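One structure is given below, encoded as structure tokens.
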Amino acid sequence: MRFLIQHALDLSAAKTPDSTVFRYNGDELTYSECVTRTNQLANSLIAQGVERGDRVGIYLHKSLESAIAIYGILKAGAIYVPIDPRLPPMTVTHLLSQCGIRHLVSEGSKATSLDDIAVDVPLDSVIGITKDEHELRFSTLSWQDVSEAPSSAPDIPMIESDLAYIMYTSGSTGKPKGIMHTHRSGLSYAQRSMEVYGVVPGDILANHSPLHFDMSTFDYFTGPLAGATTVIIPEPYMLLPASLSELIEDEGITIWYSVSNALVDLLVRGDIENRDLGKLRLVNFGGEPFPPNHLRDLMARLPGARFCNVYGPAEVNQCTFFNVPDLPNQFADRFVPIGRVWDIADSLIVDPEDNEVAQGEQGELLVASSTCMRGYWQDPDRTKAAFFIQQSSEGASVQRRYYRTGDIVRSDEQGRLDFLGRKDRQVKVRGFRVELDGIEAVLTSHESAAESAAWIVDATPPSIHAAILIKETYLSEVTASALMQFLSANLPSYAVPSRIAIRNAFPRTGSGKIDRRALKELDMTEASQVDR
């Protein structure tokens, strides 16, 4: 019987105890070892005062302990909250305070910053720090201490509607919001994704995404549910595409899932033509549109793999997928569809007044699904605004709750959805409505482009600026004026940016997406320096 996320690990361990569940940097955990260590962590947390429903932070760089922390916290009846280890202490302080976190699973490298943070946010205990290393304001427990705890699973009464994890994301406003997922929503996603992608015990998944990014739940939930192996990719490899492709070859990765940018880096700088990646059978990508020219090139390099465009905000885990055809030439001038809503979800496409639009017309995508979040942590107003309540024809007392994705889509005659852009990325310039995502799509279609970004400049009158990353082979050939001519030939005059910057790199969010806010700030700083 499976109704809690940790049941997936325990049941797979009962079937194949000696199989590897997680591997990291040459070290590995078998299913039986993972069960033992997560039980010991759960008992240690309870001994430190953790109770059912408490929030426990995971403040770790990638490691085997990341996986142990997830399942150990869940087995203690608590809620895990992943915290980006690269965040500045002030932001960590805010998250700990806002989420009421008094217990953490961390590491020695974070001891000093946590001691400073504990001045403002009292911490009861931190697991993963050796007592002898530091004089700290909180109780510590080393992993050696944890290994001496009882190895039987604690008996904590729990139900599937209990919260399992809270994932913080900045969203489009930059203000962190805590997305609350239950055991039901997390396990429902793991079950359906396992079925859709045919994940089996022999598969080897590559965990590219950091723990605080929603894509990681595929590797940490779906892999153990299927009895598969998940390889946790060390962070340095994520910065070195050639080393990353070598790791994919050496580990025999069969299923890959990441943001599109990571695959673009593999294509452009990963030396994949000199790798044997024949075991890679499925490449899932999402998070951002995949430039069609890069996608075609990558598919040609990996002819044995099936490519799938995966869509779903963190609030719903996932809700659509699209298996890309072998030769996606029909998507030469636009991004590939995000596909159909899968069969455990329902959808509506509505206009600004929440009226359903006709087939072929664009509107905001709303999703109802068993994988959907409960709401935002301690933010009832934002939670209320995030949902549309539809009264059923069966009676006023029967309701269906749809999450407002904020994404503009259009359904084609086959029922597939095209992603057209973000609702909050539609701007008005000189009286005309302009889709910033549409500008990026055109700019990225230039043969020299690796990636692009566009944003609105708040001025009187407002204007549009853009930036582009150029492929190495075109660096000496392309100029901003040539790109401006290209855009002028492919966009209406009111949508052509007033400025295009050619950059060597883009600032990134913790999940690898383009950080457009940081890019805009950089642009404003440069503009002010020119003005002076």
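The values are calculated or read from the model by the stated rules, or taken from the named source; none is laboratory data. This one's a predicted model, so the numbers in the text were calculated from it and none came from an experiment. Virtual Cβ from ideal backbone geometry, glycine too; neighbours counted across all protein chains shown.
For region 398-431, enumerate the residues that are of a type in the set (Asp, Glu) and modelled with pLDDT under 90.
As a first pass, look at region 398-431 and keep what is of a type in the set (Asp, Glu): 407, 412-413, 418, 424.
Passing the criteria: ASP412, GLU413, ASP424.
What about ALA314, is it without any contact (Cβ under 8 Å) to a residue 12 or more places away in the chain, assigned to a loop (DSSP other than H, G, I, E, B) and not acidic (Asp, Glu)? Working first, answer last.
Values: without any contact (Cβ under 8 Å) to a residue 12 or more places away in the chain: no; assigned to a loop (DSSP other than H, G, I, E, B): yes; not acidic (Asp, Glu): yes.
Here the answer is no, as ALA314 does not meet what is asked.
Within region 180-195, the set of residues being assigned to a helix (DSSP H, G or I) and not aromatic (Phe, Trp, Tyr) comprises HIS183, ARG184, SER185, GLY186, LEU187, SER188, ALA190, GLN191, ARG192, SER193, MET194, GLU195. Within region 266-310, if we keep just the residues that are touching a helix residue (DSSP H, G or I) at 6+ places or on another chain (Cβ under 6 Å), of a type in the set (Lys, Arg) and part of a helix (DSSP H, G or I), the residue that is modelled with the lowest pLDDT turns out to be ARG269. The set of residues in region 60-94 that are assigned to a helix (DSSP H, G or I) and surrounded by fewer than 21 Cβ atoms within 10 Å (Cβ to Cβ) comprises LEU64, PRO89, MET90, THR91, THR93, HIS94. Take GLU51 and tell me if it is among the acidic types (Asp, Glu), surrounded by fewer than 23 Cβ atoms within 10 Å (Cβ to Cβ), modelled with pLDDT of 95 or more and in a helix (DSSP H, G or I). Spelling it out, it is not the case that GLU51 is among the acidic types (Asp, Glu), surrounded by fewer than 23 Cβ atoms within 10 Å (Cβ to Cβ), modelled with pLDDT of 95 or more and in a helix (DSSP H, G or I). The C-beta contact set for region 474-487 (first residue among the aromatic types (Phe, Trp, Tyr), second residue assigned to a loop (DSSP other than H, G, I, E, B), distance under 8 angstrom, 6+ apart or interchain) comprises TYR474/GLU447; TYR474/SER448; PHE486/HIS446. Only residues that are assigned to a helix (DSSP H, G or I), at pLDDT 85 or above and closer than 16 Å to VAL434 by Cα were counted in region 463-503, giving 2.
Filter region 227-243 down to residues that are among the hydrophobic types (A, V, I, L, M, F, W, C), assigned to a helix (DSSP H, G or I) and touching a Lys or Arg at 6+ places or on another chain (Cβ under 7 Å), then give me how many there are. Final tally of qualifying residues: 1.
Just one of (1) assigned to a helix (DSSP H, G or I); (2) of a type in the set (D, E, K, R); (3) modelled with pLDDT of 95 or more fails for ASP132. It is (3). On inspection, SER258 fails the criterion of being over 19 Å from the mean Cα position of the chain (by Cα) and crowded, with 22+ Cβ neighbours inside 10 Å.
Take the residues in region 195-209 that are crowded, with 22+ Cβ neighbours inside 10 Å and over 15 Å from ARG281 (Cβ atoms); name whichever of them is nearest to the chain's Cα centre (by Cα). Filtering first and then ranking leaves SER209.
Matching residues to (1) touching a His at 6+ places or on another chain (Cβ under 8 Å); (2) in contact (Cβ under 8 Å) with a residue 40 or more places away in the chain; (3) assigned to a strand (DSSP E or B):
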site: SER209; (1), (2), (3): no, yes, no
site: ASP214; (1), (2), (3): no, yes, no
site: PHE221; (1), (2), (3): no, yes, no
site: SER258; (1), (2), (3): yes, yes, yes
site: VAL264; (1), (2), (3): yes, yes, no
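Whenever a residue of region 28-42 is among the acidic types (Asp, Glu), its partners that are surrounded by fewer than 21 Cβ atoms within 10 Å (Cβ to Cβ), lying with C-beta atoms within less than 6 angstrom and at least six residues away or across chains, give the pairs GLU28/THR20.
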